[in-house]
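Here the structure is laid out as structure tokens; the discussion comes afterwards.
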Amino acid sequence: MADARRFPAFLVHRTESGACRGEVRTDLSLDQLPEGDLLVRVDWSSLNYKDALSATGHPGVTRTYPHVPGIDAAGTVVSGGAPRFQPGDPVVVTGHRLGMDHWGGFARYIRVPADWAVPLPPGLSARDSMRLGTAGFTAALAVDAVLAGCRAPGAAPVLVTGATGGVAVIAIALLARLGLPVTAVSRKQGSLKARLVQLGAKEVLAPEELDPGPKPLARERWSGVVDTVGGPGLEGLLKSTAAGGVVATSGMVAGNQFSSSVYPFILRGVTLAGIDSAEQPMQRRLAIWERLAGSWKLDLEPICDEIGLDGIPGAVREMLAGTHVGRTVVHLN
Ligand SMILES: NC(=O)c1ccc[n+]([C@@H]2O[C@H](COP(=O)([O-])OP(=O)(O)OC[C@H]3O[C@@H](n4cnc5c(N)ncnc54)[C@H](OP(=O)(O)O)[C@@H]3O)[C@@H](O)[C@H]2O)c1
């Protein structure tokens, strides 16, 4: 029998002109949700760059509309998921195909395969888990990769690019918490510089200050790099990374192509580590969340803001314009 519950969501549809347009609706029903054995009542979601792409029709993220974006969700199990979950259990769902080709967290309910969900780790509220969200999970994976390559931790700073973005702000705070010197690079300067320093950056550079020159190798400036920006600048990051260092690459806001000589790899043993937050195995997923709720726990209040579903279009515009700062959580209740 059809479930009569109606609930709110941010639904994106394709208009006749081919453009995508999102609006807050209050009349969605559970029957419209995709397949899955776990029904979750969502209390919090968060905004990530991928959501901005999905909400504006990027075919690399979402192909079929109408669609509910939201690659993150935290809430309570309504039904399904036994034996791992019982009704009332608090859970976090990030990654996999949530919000991409599967209706996501910008709705009061999601229905997903139970193996997409992790129990909300003790020590984190649902809201805090979404302050982290995919951005925090990605930052933790990247920081973990960078730490593995630091031959002399602290001898040279770790560089974090796209510094005012969601992944980057959490990476900066994590690295600082772990006692590593951090250099942040941001296109935004002015008062935001002071906020990045408060977060833990020792210095804040403008992108032009990274110029590594034309030679195939440059001064060994960084003990590792968390790169959230991608594009042609990756070449210079590889050239300037110290022997053994890891450049952890997760993003492509500046493009999806770069070129490089092999010298950083074969003369300095530099590693280019790809970070994929969406498809991590369950054991790894649980371990990272446990760390974020325990020894790597952060106070993210200063770099988070909060919106309802009606705030999504404005935040998406800012994100695509590169003017968005920090993390935005979305409340559903
Ligand atoms: N691989 C994964 O699993 C994974 C997971 C999460 C995110 N990502 C990717 O990581 C990237 C960052 O995600 P996010 O959620 O942190 O996004 P975000 O909050 O929008 O941050 C991106 C930051 O990059 C900088 N930026 C924006 N446009 C730029 C441009 N054209 N050229 C250079 N810098 C630019 C800006 O920082 P400044 O103004 O301070 O320079 C911006 O704040 C995205 O590409 C996203 O898709 C990947």
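What to note about this one:
- Test: Val158 is within 11 Å of the ligand (Cβ to nearest atom), among the β-branched types (Val, Ile, Thr), closer than 16 Å to Thr249 by Cα and touching a helix residue (DSSP H, G or I) at 6+ places or on another chain (Cβ under 9 Å): no
- Among (1) in a loop (DSSP other than H, G, I, E, B); (2) open to solvent by 20 Å² or more (accessible area, probe 1.4 Å) - the single one Pro313 does not satisfy: (1)
- The residues on offer are Gly80, Gly136, Gly123, Gly70, and the sole one that is under 24 Å from Arg284 (Cα atoms), out of contact with any Pro (no Cβ under 6 Å at 6 or more places or on another chain) and modelled with pLDDT under 95 is Gly123.
- Complete set of residues in region 170-229 that are small (Gly, Ala, Ser), open to solvent by 20 Å² or more (accessible area, probe 1.4 Å) and over 20 Å from the mean Cα position of the chain (by Cα): Gly179, Gly190, Ser191, Ala194, Gly213
- Residue within region 93-101 that is open to solvent by 10 Å² or more (accessible area, probe 1.4 Å), at positive phi, out of contact with any Phe, Trp or Tyr (no Cβ under 8 Å at 6 or more places or on another chain) and not acidic (Asp, Glu) present: no
- Hits in region 259-281 (condition: away from the ligand (no atom under 13 Å from the Cβ), in a loop (DSSP other than H, G, I, E, B), open to solvent by 70 Å² or more (accessible area, probe 1.4 Å) and in contact (Cβ under 8 Å) with a residue 24 or more places away in the chain): Ser259
- As a summary of the residue check, Gly244 satisfies the conditions (1) touching a Lys or Arg at 6+ places or on another chain (Cβ under 7 Å); (2) assigned to a loop (DSSP other than H, G, I, E, B) except for the one numbered (2).
- Qualifying position, being within 15 Å of the ligand (Cβ to nearest atom) and buried (at least 19 other Cβ atoms within 10 Å of the Cβ), among Ile288, Ile307: Ile288
- Pairs meeting the criteria (first residue in region 153-173 and part of a loop (DSSP other than H, G, I, E, B), second residue near the ligand (Cβ under 6 Å from one of its atoms) and at pLDDT below 95, beta carbons under 6 Å, at least 6 apart or on different chains) are Thr164/Lys188.
- When region 147-169 is filtered for residues that are open to solvent by 20 Å² or more (accessible area, probe 1.4 Å) and either closer than 20 Å to Gln189 by Cβ or of a type in the set (Val, Ile, Thr) (or both), the ones remaining, listed by number, are Pro157, Gly162, Gly165, Val167.
A quick yes/no check of all residues on (1) in contact with a helix residue (DSSP H, G or I) (Cβ under 7 Å, 6 or more places away or on another chain); (2) within 13 Å of the ligand (Cβ to nearest atom):
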| site | (1), (2) |
| --- | --- |
| Ser29 | no, no |
| Leu38 | yes, no |
| Asp43 | yes, no |
| Leu53 | no, yes |
| Val61 | yes, yes |
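- In the condition set (1) at positive phi; (2) part of a loop (DSSP other than H, G, I, E, B); (3) in contact with an Asp or Glu (Cβ under 7 Å, 6 or more places away or on another chain), Gly179 is compliant with all but (3).
- For region 1-88, the strands (runs of 3 or more DSSP E) that sit wholly inside it and include 2 or more residues that are in contact (Cβ under 8 Å) with a residue 60 or more places away in the chain, open to solvent by less than 10 Å² (accessible area, probe 1.4 Å) and under 30 Å from Val229 (Cβ atoms) are 38-47.
- Scanning region 98-135 for residues that are in contact (Cβ under 8 Å) with a residue 12 or more places away in the chain, part of a loop (DSSP other than H, G, I, E, B) and not aliphatic (A, V, I, L, M) yields Gly99, Asp101, Trp103, Gly104, Gly105, Phe106, Arg108, Pro113, Pro121, Pro122, Gly123.
- Some residue of region 316-333 being out of contact with any helix residue (DSSP H, G or I) (no Cβ under 6 Å at 6 or more places or on another chain), under 12 Å from Ser46 (Cβ atoms) and part of a helix (DSSP H, G or I): no
The values are calculated or read from the model by the stated rules, or taken from the named source; none is laboratory data. This structure is a prediction, so every number in the text was calculated from the model and none was measured. Neighbour counts run over all protein chains shown; Cβ positions are idealised from the backbone, glycine included. Remember, those area values only see protein heavy atoms, side chains included, never the ligands or the DNA or RNA. Shrake-Rupley method; radii C 1.70, N 1.55, O 1.52, S 1.80 Å.
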